[in-house]
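The values are calculated or read from the model by the stated rules, or taken from the named source; none is laboratory data. This is a predicted model, so every value here is computed, not measured. As a convention, Cβ positions derive from the backbone with ideal geometry for all residues, glycine included, and neighbour counts pool all protein chains shown. Only protein heavy atoms, including side chains, enter the accessible area calculation; ligands, DNA and RNA are left aside. Shrake-Rupley method; radii C 1.70, N 1.55, O 1.52, S 1.80 Å.
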Amino acid sequence: MNTPICDFVREYEKKHTLRLHMPGHKGEELLGPEKYDITEIDGADVLYRANGIIAESQKNASVLFGSKKTLYSTEGSSLCIRAMLFLVKAYAVKNGRGAVIAAGRNAHKVFMTAAALLDIDVRWLKGNSREILSCEITAEYLDRYLQSADEKPAAVYITSPDYLGNLSDIKGLAEVCGRHSVLLIVDNAHGAYLNFLDENKHPLHLGAHMCCDSAHKTLPALTGGAYLHIGENAPVFFSENAENALSMFSSTSPSYLILQSLDKVNEYLADGYKQKLNEFVRSVLQLKKKLQENGYSLTGAEPLKICIRTKPYGYTGEELGNILKEKNAVCEFYDKDFCVLMLSVQNGKEGIAELEKILCSVPKKEEIKALPPEIPEGKSRISMKEALFSVSEYLPTQECEGKILASPCVSCPPAVPIAVCGDVITKELTECFKYYNIDTLCVVK
Ligand SMILES: Cc1ncc(COP(=O)(O)O)c(C=O)c1O
């Protein structure tokens, strides 16, 4: 597969042109990659008004992912989420429907802030899960919800895979959404690679109308590289307006290093990735089996994540994360209950062998019985938008009981808000924040 963006930049670099344009480094090395870092000069195309090398590269990505249209983001899935919500709202308004989205409660905080900024009415779906990071929405659950909803949402928004490696039944959910004439939008930030499994598990393939993938999370792309995919089944309005939607929230100076990275990833994906991935996944499966035989308790069916529920093995997630760090291995995320390891083909079989050695050298101890607190049902006092735009202050969590949460107050990872902006902070909520080491909250003044 060709790499038009990389080719253009390499040609440009070879000519040692007098650079009378941004960026100010003029291609001179300070960090290292400056010579390949250009801006939207003649011939370099314009992201979100693309009809040259960027359009050609995006078309390559679209063919690889089987989408109707794929657009690049150099600002992660975060940008794509804002654009997806804008498209859903604009389409709902155009069709005389309310801007209502029913969303799994484990949505990333960008979903919450984007919905607030766009004045979208969010109906939270709590699902069947006890954990804040998961939210099992089954097809039956969604069907029941849509049958009884006072106002039918314009779209259902699902986060799959979630941080704990759980995959939703996208096919079943898409079928239910289809029956109720509701769009299905998926945050697939963690699942770009799912498209290349022997059994394709990518949300677009399973019937979602639109999704975002962070290429940088599971593919060998630079941080910030992501895709907005629009499915063949999506309204034409989405593909006609997606570039405009992305440009509304994005920088006017896209990173050409990231664009080249996404361009190069196309070539990588087209050149035997599927086989490499599926072989690697088989090795990860074997490792998971060995870890379970060793007494580890694992959650989630996502092939490239190893999510350890650590307390049954006698450690908190933090303790296991720190043990790994001492052994020069850094995990993606830990809290008191979980330690999440993210793998990619780039770890190789050697990486798997090293990980097995490290984890199997950790002695099993007596189970820690304490369970995480159950996240209480939110009690909304004001809208998310009112809360976000309110005059606010930061206070120690223990002083916040009775106050209203102004902003999500969670960092990344995992960036899943424990409470919704606008909710009153109850005693139980305070306990949850404390459990997750959030000792300062932003509350309405
Ligand atoms: C589920 C989920 N969605 C969206 C995002 C945002 O993705 P990005 O970092 O590519 O902007 C993240 C980031 O961690 C995430 O975990």
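Here are a few things to note about the model shown:
- Glu29-Lys379 pseudo-label distance in nm [points 7 Å out on the Cα-to-Cβ vector]: 6.2 nm
- The chain - share of DSSP beta bridges that are antiparallel (%, nearest 5): 65 percent
- Helical mean residue ellipticity (222 nm; -39500 (n - 2.57) per DSSP H run of 4+; nearest 500) of the chain: -11500 deg cm²/dmol
- Inter-centroid distance (Cα atoms) of the range 28-68 relative to the range 261-285, Å: 21 Å
- Peptides ranked, highest mean first, by Cβ atoms within 10 Å: ranges 202-212, 149-159: 202-212, 149-159
- Modelled this way, with points 7 Å down the Cα-to-C-beta line, the labels at Arg144 and Glu175 are 1.8 nm from one another.
- Taking 1.002 mPa s as the viscosity and 20 °C as the temperature, the Stokes-Einstein diffusion coefficient of the range 264-334 based on its alpha-carbon Kirkwood radius rounds to 154 µm²/s.
- Cα centroid separation - the range 141-176 against the range 87-132, whole Å: 12 Å
- Cβ-defined net charge surrounding Leu228, 13 Å radius [Lys, Arg +1; Asp, Glu -1]: -1
- For the chain, the carbon plus sulfur part of the accessible surface works out to 50%, probe radius 1.4 Å.
- Signed unit charges on C-beta, dipole axis of the range 96-199, positive-most listed residue Thr113, His190, Asn128: Thr113
- Among Ala406, Leu206, Leu277 the positive-end extreme of the charge dipole of the chain (Cβ point charges): Leu206
- The lysines within cross-link reach of Lys327, meaning a Cα-to-Cα straight distance under 26 Å and a gap of 8 or more places when in the same chain, are Lys217, Lys288, Lys289, Lys290, Lys305, Lys311, Lys336, Lys349, Lys357, Lys364, Lys365.
- If you take the alpha carbon atoms of the chain and fit the smallest convex hull around them, that volume is 160 Å³ per residue.
- For Met22 and Lys290, the difference between the fully extended length at 0.36 nm per residue and the C-alpha to C-alpha distance is 91.2 nm.
- Per residue, the chain exposes 44 Å² of solvent-accessible protein surface, assessed with a 1.4 angstrom probe and all protein chains in place.
- Relative to its residue count, the range 212-356 spans a Cα convex hull of 160 Å³ per residue.
- Computed about the Cα centre, the dipole magnitude for the chain is approximately 380 debye when only Lys and Arg (+1) and Asp and Glu (-1) carry charge, each at its Cβ.
- Positive-end residue of Gly27, Asn244, Ile81, charge dipole of the chain with Cβ unit charges: Ile81
- Length gained on full extension, Asn200 to Glu326, computed as 0.36 nm times the residue gap minus the Cα-Cα distance: 41.6 nm.
- Our coupling estimate for the range 295-300, obtained by passing each phi through the Karplus curve with A = 6.51, B = -1.76, C = 1.60 and θ = phi - 60°, is x, 6, 10, 10, 10, x Hz, Gly and Pro reported as x.
- Cβ-Cβ distance of Leu371 and Leu117, R₀ of 60 Å, FRET efficiency by 1/(1 + (r/R0)^6): the value works out to about 0.95.
- Counted over the range 4-270 with a bin width of 10 Å, the fraction of Cα pairs per bin, in whole percents, is 7, 31, 33, 18, 8, 2, 0.
- Along its three principal directions, the equivalent ellipsoid of the range 88-218 from the Cα gyration tensor extends over semi-axes of 22, 16, 15 Å, largest first.
- Here the spin labels are modelled as points 7 Å beyond Cα on the Cα-Cβ line, and at Ala415 and Val391 they lie 3.1 nm apart.
- For the pair Val46 and Arg130, the difference between a 0.36 nm per residue extended length and the Cα-Cα distance amounts to 25.7 nm.
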